[in-house]
Structures are given as structure tokens and as C-alpha cells.
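Take a look at the structure set out below.
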Amino acid sequence: MTCDVAVIGAGPAGLAASVAAAAAGLRVVLVDAGDRLGGQYFRHPPDALRTAGPDVTPHGWAEFARLRDALTDHVAAGRVTHLAGHSVWYAEAHAVGAGARFTLHLNGTGNGTGAVQEMRSRTLVVATGAHDRPLPFPGWDLPGVLTAGGAQALLKGNLVVAGRRIVVAGTGPFLLPVAAGLASAGARVEGVFEAGRPERFARHGVRFLRNAGKLAEGAGYAATLLRHRVPFRMGHAVVAAHGDDAVESVTVARLDRDWTPVPGTERVIECDAVAVGYGFTPQMEIPVELGCATRTDADGSLVVVVDAAQRTSVPGVYAAGETTGVGGVQLALAEGELAGLAAAGELGVRTARPPRRLLARRAGLRDFAATLQDAYPVRPGWAGWLRPDTLVCRCEEVPYGRLDEAVRDLGATDPRTAKLISRVGMGWCQGRICGYPTACLTARIRKREPDRTDLAGFARRPLAQPVRLGDLAQSTADDGTDPADRADRTDLAGLADEPDGADRAEEV
Ligand SMILES: Cc1cc2nc3c(=O)[nH]c(=O)nc-3n(C[C@H](O)[C@H](O)[C@H](O)COP(=O)(O)OP(=O)(O)OC[C@H]3O[C@@H](n4cnc5c(N)ncnc54)[C@H](O)[C@@H]3O)c2cc1C
């Protein structure tokens with residue numbers, strides 16, 4: 001299978017990119033690990049479930065319906081192929097020539113339509129979104145402790161409420177829709193504990209007021225929480241979870257400016273589920289694999305550097321949505337559309353729609369995203385919530401004490417070495433969950449700030465998604481090597497090229 005544009009990810013960004021590129025007349029293949037279009041924000045249950053449970057329709061559904069219908073028309077016209085239930089586990093770039101520049105290796109069931117193992121494209125739009133960013137605390141490995149996104153995904157995608165008495169905690173505006181959704185679906189939300197402080201939020205009050213759409217959305221969630229009498233506390237966090245076989249209660253404490261718990265403010269709240277989230281981590285495996293230049297964003301995430309047209313530093317590769325910086329659904333839609341139009345432009349198609357309006361919209365939304373990131377920083381005092389026996393890596397059961405030993409006593413100066421010594425991040429999730437906290441903790445023990453190299457060390461995974469050994473063995477290259485070997489070579493090339501790439505790329 002060969003196409004003009006391969007789009008990875010069918011969330012808001014990938015959907016908008018696919019529709020824009022197809023409308024310009026290009027042949028598009030949209031690959032997504034999920035069974036249904038929509039990504040995280042527009043996650044929805046299958047039709048058969050929909051009538052049975054609570055209404056979980058997110059804001060902006062009309063925009064999703066418009067894009068979904070447009071995509072369906074393009075699929076019917078043969079301009080778009082939607083490979084649902086397929087994940088890209090490895091992407092390779094070839095030397096520039098007349099033909100396809102990219103080969104994507106896929107892993108999927110095909111949902112009865114036949115699985116595709118490999119495809120080629122002339123350009124590539126990476127719209128792989130983000131996943132949750134939890135912070136460890138004593139007891140966070142107990143059953144019943146979920147990420148905020150996990151609790152919301154259960155509800156939006158399966159109409160399952162994670163518990164009867166739920167505590168929601170962390171930082172960022174995302175806590176509001178999570179708590180409001182759970183309360184509306186019948187859970188008793190015992191409280192929302194926002195670690196951020198009110199004065200930090202107030203500093204940006206005028207900028208928030210200017211964004212009428214988001215303000216109205218936030219007010220809607222606040223009204224739902226009020227209606228359900230859900231307490232909302234700023235400057236507080238869940239600092240420990242307790243229980244034998246599952247979570248039975250949490251300790252909540254007031255935090256000082258650096259997020260160190262204020263002694264004497266602790267109180268215990270009974271619950272059977274906890275939803276925690278401290279922002280999001282962009283899914284960077286594919287851009288890093290391809291050698292795209294990266295940078296550290298204001299929220300401490302590793303993100304792809306893009307220019308005004310969403311071009312990365314690698315020719316033919318575009319990035320949109322959360323991979324270029326966590327900024328919300330509207331920004332993802334605008335960036336996706338721009339990326340689709342730019343890919344069309346690169347392939348010599350004149351696009352009917354002048355992007356000026358979109359550029360202005362993207363600039364405003366990026367400004368708002370930067371404001372949010374500044375209003376909800378993760379402060380370093382959370383490391384003080386940990387005890388030596390608190391697990392940092394839940395997959396490999398690595399306690400904080402072992403990570404501390406690897407850095408303090410065994411000479412690890414960076415998180416990747418700490419990983420090799422302590423096995424932190426070596427389990428099933430490959431550091432997707434513990435990568436960010438490990439980077440922060442390693443730097444803290446070394447008495448420095450975490451930097452781009454620390455974060456990139458964890459994002460560098462030769463295989464972007466888990467793949468069966470049988471599929472890996474079958475996937476042989478023209479030159480007789482297997483993709484995993486080539487991934488290692490691409491990694492090294494990317495590592496060497498990255499600083500130059502970062503300098504060359506024009507940041508918007
Ligand atoms: C769990 C979670 C819940 C969220 N809920 C909200 C919310 O309620 N409100 C809000 O304002 N914001 C929410 N966000 C933020 C949200 O991600 C963005 O606002 C928006 O969805 C970003 O769009 P996107 O297209 O960049 O990425 P996403 O919507 O994350 O879409 C990315 C898509 O790429 C697919 N993908 C990733 N890697 C691969 C691969 N290798 N191969 C194939 N497919 C791949 C994923 O399956 C996904 O469908 C949430 C984020 C997360 C992580």
C-alpha cells in the first residue's frame with residue numbers, strides 16, 4: 001500500500017490533517033491504534049453501548065461530527081483509507097528520491113477487514129497525541145489508583161465508572177472534566193485536590209477571561225461540581241494512598257509553594273478509587289525514531305520542533321497536536337489542518353483555503369496553552385512525598401531507594417544510566433509512566449534541573465509500540481536486516497543530528 005500522506009493518529013489533529021489533505025486531492029492513509037475515530041478528546045463508546053449509559057458527549061462534538069462525516073465521504077470516494085486498530089511500531093525514512101520516502105511497519109487486527117503489516121508514503125503527519133503524566137506517591141500502586149485519563153477513558157469509551165467514592169487529584173484544568181464526568185455518571189466525588197495555587201492562577205486571570213469558549217467550558221464543569229456538592233481545594237494533593245488489597249483511603253495534605261506538605265494539615269479521606277494526573281506526556285517515539293529535532297516545553301515535556309507549516313526538521317515529516325506541545329483540542333485541530341495543507345503544498349497541490357485565518361487562530365491558541373502551562377507548573381516538592389520503599393516504576397517494582405542508590409552511590413548521572421542500573425522504566429510500559437518522574441528525581445538527586453537529554457533518553461524506544469515476536473521476525477527488510485536493527489542505527493543517527501536540527505528548525 002502506497003499513498004501521498006500517511007497520518008499517524010486519528011485524534012483531533014490527525015483527523016483534521018487527513019480531511020485537509022484529502023480535500024486537496026491527495027491519497028491519504030490514516031492509521032490509528034484505536035477502533036474508533038476521535039483520539040483522547042473525542043473518545044466515545046461503541047453505538048451499541050451509547051444508549052445504555054450516561055451522556056459522555058464532549059464539548060465540540062459538532063466539530064468532530066463534521067470532520068468524521070467529511071472523512072467518511074473521502075473514504076467512500078477512495079481518497080482516504082482508514083486503518084483502525086493498527087499501530088505503527090516502527091517508521092523508517094529512506095533517502096529522498098522520486099518514490100515513497102517513508103515505510104511504516106504496522107501491528108493490527110484489521111477488525112475483520114484484513115490487517116496491513118507495512119505501507120509506504122511520500123509524506124508523513126505524526127499526530128500521536130499524549131498520555132497521562134502521573135507522579136508517584138506511597139500507595140499509588142494499589143488497585144483502584146488510576147490516572148485521571150484512565151478513569152475518564154473508562155467512562156467515555158466504555159461507560160464504566162471507576163469507583164463509587166472517588167478522589168480526583170493532581171494539577172491542571174483536565175481535573176475538572178474528569179471530576180464533572182464522574183459525578184454526572186453517578187460516582188460520589190469526595191473532592192478535587194488541585195496542587196496548583198490560586199495566586200498563580202489569578203496572575204493570568206485576564207488572559208483566561210479573554211478565552212470565552214474555554215471559560216464557558218470551565219464554568220460548566222464548575223456548575224456540575226457545585227450541583228453535586230463536590231469540594232474543590234487548591235494547594236492540596238493526595239500524598240499517600242492506603243489499603244490492603246485495594247485503595248481504601250487517601251491522605252490529603254495542604255502544600256506550600258514548592259509542594260512540600262505543610263505539617264499538621266494531613267487528613268484521611270475514605271474512597272475506593274483515586275484518579276490522579278499531573279499533565280500529559282506527548283508520545284514522542286516516532287518523531288524521535290525518525291530523528292526529528294526536539295525541545296523541552298514550558299511544562300517540562302519533550303516535544304517536536306516545528307516551523308510555521310508544522311514541518312519538523314526531517315524533510316517530509318509534519319507533526320501536529322500534542323506532539324508539538326500540550327495545548328488542547330482546538331489547537332490540535334488547527335495544527336492538524338495546517339499540517340494537512342502543508343503536506344499538500346509540498347506535493348505540488350495548490351490548496352483552495354488560504355491558511356491565514358488558521359495561522360492567527362493557532363497563534364492565539366498557542367498563547368493560551370502557554371498561559372495554562374505557566375499557571376499549572378509541577379513543583380519539585382512532590383519528591384518529598386516519597387519514602388525509600390515507594391515504587392517509582394510500578395512495572396518492575398523499583399522503589400525510590402533503589403533509584404536513589406543508583407544515582408547517589410553507583411554513579412548514574414542521567415536517567416538512562418539509572419534505568420540500566422536499577423531497572424526503573426524497563427517493564428511493560430517502557431517508562432511511559434515513570435519516565436518523567438525518573439528524569440526529575442535523577443536530576444534532583446544530582447542537584448540540577450532535568451533537561452532535554454534526560455527526557456529524550458526515555459522517549460527513545462526503538463519500537464514505538466509493543467509488537468509480537470512473530471510479527472517482528474516476519475518483517476524483513478530489502479537489505480536483509482530487520483527493522484529493530486535499523487532502528488538502533490536510526491537512533492544513533494538521530495542522536496548525532498539532533499542539536500543541529502534543533503538549531504536549523506524555525507520555531508513558531
Ligand atoms: C487520557 C487523556 C484524556 C484526555 N481528555 C481530555 C479532555 O477531556 N478534555 C481536554 O480538553 N483534553 C483532554 N486531553 C488532552 C487531549 O489529548 C487533547 O486535547 C487532544 O485530544 C489532542 O489531540 P491529538 O490529536 O494531538 O491527540 P490524541 O487525541 O491523543 O490522538 C492521538 C491518537 O494517536 C493514536 N496513536 C498514538 N500512537 C500511535 C501509533 N504508534 N500508531 C497508531 N496510532 C497511534 C492514539 O491511539 C490516538 O487515537 C486528554 C488527554 C489524554 C492523554
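The values are calculated or read from the model by the stated rules, or taken from the named source; none is laboratory data. The shown structure was predicted, so the numbers you read here are calculated from the model rather than taken from an experiment. Glycine gets a Cβ as well: all are built from the backbone with ideal geometry, and neighbour counts include every protein chain shown. All accessible areas refer to the heavy atoms of the entire protein, side chains included, with ligands and DNA or RNA removed. Shrake-Rupley method; radii C 1.70, N 1.55, O 1.52, S 1.80 Å.
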To the nearest Å², the heavy-atom accessible area per residue of region 221-361 with 1.4 Å probe amounts to 40 Å²
Here the tail fraction of P(r) beyond 19 Å, over all Cα-Cα pairs of region 239-312, rounds in percent to 60 percent
Checking rank on 463-474, 276-287, with mean other Cβ inside 10 Å and highest first, the result is 276-287, 463-474
Rh_Kirkwood(region 326-463) over Cα pairs, Å, one decimal, evaluates to 17.6 Å
So, for the Cα atoms of region 59-159, Rg and Dmax in Å stand at 18.6, 56
Beyond 16 Å, the calculated P(r) of region 143-205 holds a percent of Cα-Cα pairs equal to 43 percent
Which residues qualify? For Val189, with a placed amide H closer than 5 Å and at least 5 residues away or on another chain, they are Ile166
One point scatterer per Cα, no solvent, Debye formula: log10 I(q)/I(0) for the chain at q = 0.08, 0.12 Å⁻¹ comes out as -0.49, -1.15
Given a 1.4 Å probe, the accessible area of region 120-217 per residue, as a whole number of Å², is 36 Å²
Sorted on mean Cβ neighbours within 10 Å (highest first), peptides 421-434, 381-394, 5-18, 57-70 come out as 5-18, 421-434, 381-394, 57-70
Hull surface over four for the Cα convex hull of region 348-401, reported in nm², is 8.0 nm²
The base-10 log of I(q)/I(0) that the Debye equation returns for region 109-171 at q = 0.29 Å⁻¹, one scatterer per C-alpha, is -1.35
Carbon and sulfur atoms account, in whole percent of the 1.4 Å probe accessible area of region 358-479, for 52 percent
Phi-derived 3J(HN,Hα) across region 12-27 with the Karplus relation (6.51, -1.76, 1.60, θ = phi - 60°), rounded Hz, x for Gly and Pro, is x, 5, x, 5, 5, 5, 5, 5, 5, 5, 5, 5, 7, x, 7, 8
As a percent rounded to 5, the proportion of antiparallel DSSP bridges among beta bridges in the chain is 45 percent
Mean Cβ-within-10 Å packing, highest first, puts peptides 256-265, 361-370 in the order 361-370, 256-265
What helix-only [θ] at 222 nm does the chain give? Using -39500 (n - 2.57) per DSSP H run of at least 4, over all residues, to the nearest 500, the answer is -11000 deg cm²/dmol
Residues whose built amide H sits under 5 Å from the amide H of Cys3, excluding neighbours closer than 5 in sequence, are Arg120, Ser121, Arg122
Over region 1-106, with neighbouring protein chains present, the accessible area per residue in Å² at probe 1.4 Å is 39 Å²
Correct semi-axes for region 268-357, from √(5λ) of the alpha-carbon gyration tensor and rounded to whole Å with the largest first, are 32, 16, 10
Toy charge model, Lys and Arg Cβ at +1, Asp and Glu Cβ at -1: region 1-147 dipole around Cα centroid in debye, rounded to 20, equals 320 debye
A 1.4 Å probe over the protein heavy atoms gives region 41-187 a carbon and sulfur accessible-area percentage of 53 percent
With label points set 7 Å from each Cα along the Cα-to-Cβ direction at Asp409 and Arg200, the distance between them in nm comes to 3.4 nm
Mean projected area (nm²) from the convex hull of Cα positions in region 251-406 is 12.8 nm²
Scoring region 245-335 by relative contact order with C-alpha pairs under 8 Å, at least six apart, yields a percentage of 19 percent
Calc'd 3J(HN,Hα), region 421-437, phi into Karplus 6.51 cos²θ - 1.76 cosθ + 1.60 (θ = phi - 60°), Hz, glycine/Pro = x, comes to 7, 9, 6, 5, x, 9, x, 4, 7, 6, x, 5, 8, 9, x, 5, x
Per the 1/(1 + (r/R0)^6) rule, R0 = 22 Å and r from the Cβ atoms of Thr2 and Asp69, FRET efficiency to 0.05 is 0.25
Amide H contacts under 5 Å for Tyr278, restricted to residues at least 5 apart in sequence or on another chain and with H modeled in the peptide plane, are Arg133, Leu135, Thr171
Rounded to a whole number, the Stokes-Einstein D of region 371-434 in µm²/s (Kirkwood radius over Cα pairs; 20 °C; 1.002 mPa s) is 170 µm²/s
For the chain, averaging the sequence separation of alpha carbon pairs under 8 Å that lie six or more residues apart and dividing by its residue count, the contact order in percent is 17 percent
Note, Pro177: beta-carbon cut-off 10 Å, +1 each Lys/Arg, -1 each Asp/Glu, net 0
With Rg from the Cα atoms and Rh as the Kirkwood inverse mean 1/r over Cα pairs, region 177-266 has an Rg/Rh of 1.03
